[in-house]
Amino acid sequence: MGLYLGFDSSTQSLTAIVLDIDGDRRDVLFQSSLAFDEALPRYGTRHGVLPDADALTAHSSPRMWADALDVMLARVAASGLDLRRIAAIAGSAQQHGSVYLDARAAAVLADLDPGRAPGDQIAAALSRPTSPIWLDASTSRECAEITAAVGGSAVLARKTGSRAFERFTGPQIRRFYHRHPEAYAATGRIHLVSSFLASLLAGAHAPIDPGDGSGMNLMDLATRDWWPAGVAATAPDLASKLPPIAPSSSIVGTLSPYWQRRHGLPPARVVAWSGDNPCSLVGTGLVREGIVAISLGTSDTIFGLMREPRVDATGTGHVFGAPTGEYMGLTCFSNGSLARERVRDAFGLTWTQFSELLDATPPGNRGRILLPWFEPEITPTVRDAGLRRYGLDPADAPGHVRGVVEAQQMAMARHSRWMNVAIETIYATGGASANRAILRVMADVFGAEVFQFEVGNTACLGAALRAFHADALASGRRIEWTDVVRGIAEPAAATRIAPDPARHAVYRALMQVHAACEADALSVSRSDATANGAR
Ligand code: ADP
Ligand code: XUL
């Protein structure tokens, strides 16, 4: 039948997958990735983030994301595929990040010059040159103000699926309004990374989907529309600046003449983009309740499908709208892959050596605990970044390797209990899910079997499958999600890692120690932690 193009614009990279789908057959015909730092060095990002003197601030470049799309579409065009067969395009993007455009944006989007790359052209319509992203933790004041204005955390969580979180788009918008009121006033449209990139493809403002819209503290989870009280509590005139919210399966337009002329691409349907975690829910085939996925990307996330929204009373996690029309529960950790890399690099290791040390050290790390808060942490909330060591010698490489992986897995197990899922099976995805030594610790900590996927970037695969699903609906063919994902978004049976009951018993006991260390660290001020040499 057709070819379906999916993108994943993540923190560090852009990936594309082309799926060939015919009946029950689903083949990956093309897959390519580019790392922003290397492919577009003129933007000066490190791990996809613009360097900033303030440890709580994390911004990236919307122009860079646009140019990355251009580089990748050039690769698709040069791939030798029969481009005329591309029926639909959808995408996944890092969640929460926002792009601020002025009144000229609609005209600029519609009239890009095919002779030039898009980044510089779109710059003419940016009312804010950079975009705050999910790693930004600078909005505690705004979180408190919004929470107070709507009547407290419980109200906000019940309405939007989450209490106020620093990285969520509403608090970020409020901070922009506080710090740059004129630029805020000149902003005509505020996009998420997902809806911005969909707009670029379609050459017109695209809507936000409920999956990504629920990461803003602005969307009413029940109606899947903007929540007027939340919008009013965030910034003046915000309602007029937000795109509409439309179902994830909406066709938002046709690939614009700019891309058709620039790369010889066809007038394919452009489908609404969504967040990377909602797309990964599709790409891991989690279309039913009871199994969880753990994504080990730049962030570590644990998520699962929910038929009915069970909002977290402890304020740890989130409920998002799932692309299937249902809900998903998620807990996010900011010290994921980059924390593992920090330990690897501090001791001059390769990933192979890191894995060997992990395999060679005793489960439980002899009771020693490392809290790997290299950067401000989302779960639990830690503003003052810094390593916390309990009984661990700073020069002990194997102890740190085991310490970082065990602490991350124990934190995930403990802080996902609010989802109330008896976890027997875990689908592992994201860059670090290639590492089976890490997955062995995961299986033992959770006491659950762990599987890997053949297509490692499940967010990108999910985007391509969403393109197929939306195209079928738009063509009048109703299709069940179980049929969409069958035969491709499935774990590879041969990759199964079974938990070891004795090791799981060690971790059940150690999790109490981990909880105590965490409570202790959270009660100690930054100056105490530094004085202890813990930073
Ligand atoms: P994102 O989509 O958030 O940009 P990815 O899912 O692509 O991130 O994951 C990238 C991360 O994967 C890198 O930062 C790296 O630390 C990690 N990674 C890649 N290979 C390995 C490995 N063999 N072991 C552990 N981590 C790895
Ligand atoms: C989820 C979150 C991250 C980003 C980046 O809430 O903040 O997982 O989506 O991948």
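The values are calculated or read from the model by the stated rules, or taken from the named source; none is laboratory data. No experiment lies behind these values; they were computed from the predicted model shown. Here the Cβ positions follow ideal geometry from the backbone for every residue, glycine too, while neighbour counts run over all protein chains shown.
In summary, helices (runs of 4 or more DSSP H) completely within the range 218-322 and bearing 3 or more residues that are modelled with pLDDT of 95 or more and away from ligand 1 (no atom under 16 Å from the Cβ) occur at 228-234, 238-241, 257-263.
Residues in the range 11-29 that are within 16 Å of ligand 2 (Cβ to nearest atom) and assigned to a strand (DSSP E or B): Ser13, Leu14, Thr15.
In the range 461-489, of all residues being surrounded by fewer than 24 Cβ atoms within 10 Å (Cβ to Cβ) and among the charged types (D, E, K, R), the one that is nearest to Arg85 (Cα to Cα) corresponds to Arg477. Candidates Gly304, Gly283, Gly325: the one that is surrounded by fewer than 20 Cβ atoms within 10 Å (Cβ to Cβ) and either among the small types (Gly, Ala, Ser) or within 16 Å of ligand 2 (Cβ to nearest atom) (or both) is Gly325. Scan the range 351-393 for residues that are under 30 Å from Ala164 (Cβ atoms), in a loop (DSSP other than H, G, I, E, B) and more than 16 Å from ligand 2 (Cβ to nearest atom) and the total you get is 4.
Within the range 428-458, the set of residues being within 16 Å of ligand 2 (Cβ to nearest atom) and buried (at least 21 other Cβ atoms within 10 Å of the Cβ) comprises Ala428, Thr429, Gly430, Ala432, Ser433, Asn457, Thr458.
Only one of the numbered conditions (1) in a helix (DSSP H, G or I); (2) among the β-branched types (Val, Ile, Thr); (3) without any contact (Cβ under 8 Å) to a residue 40 or more places away in the chain is not met by Val484, and that is (3). Among the candidates Asp70, Asp8, the residue that is within 16 Å of ligand 2 (Cβ to nearest atom), surrounded by 16 or more Cβ atoms within 10 Å (Cβ to Cβ), of a type in the set (Asp, Glu) and under 29 Å from Leu465 (Cβ atoms) is uniquely Asp8. Looking at Gly44, Gly23, just one residue is at pLDDT below 95 and surrounded by fewer than 21 Cβ atoms within 10 Å (Cβ to Cβ), and that residue is Gly23. Within the range 350-372, being surrounded by 17 or more Cβ atoms within 10 Å (Cβ to Cβ) and touching a residue at least 40 places away in the same chain (Cβ under 8 Å) holds for Phe354, Ser355, Leu357, Leu358, Thr361, Pro363, Gly364, Asn365, Ile369, Leu371. Apart from one condition, Thr160 fits all of (1) polar (S, T, N, Q); (2) in contact with a Phe, Trp or Tyr (Cβ under 8 Å, 6 or more places away or on another chain); (3) within 28 Å of His47 (Cβ to Cβ); the exception is (3).
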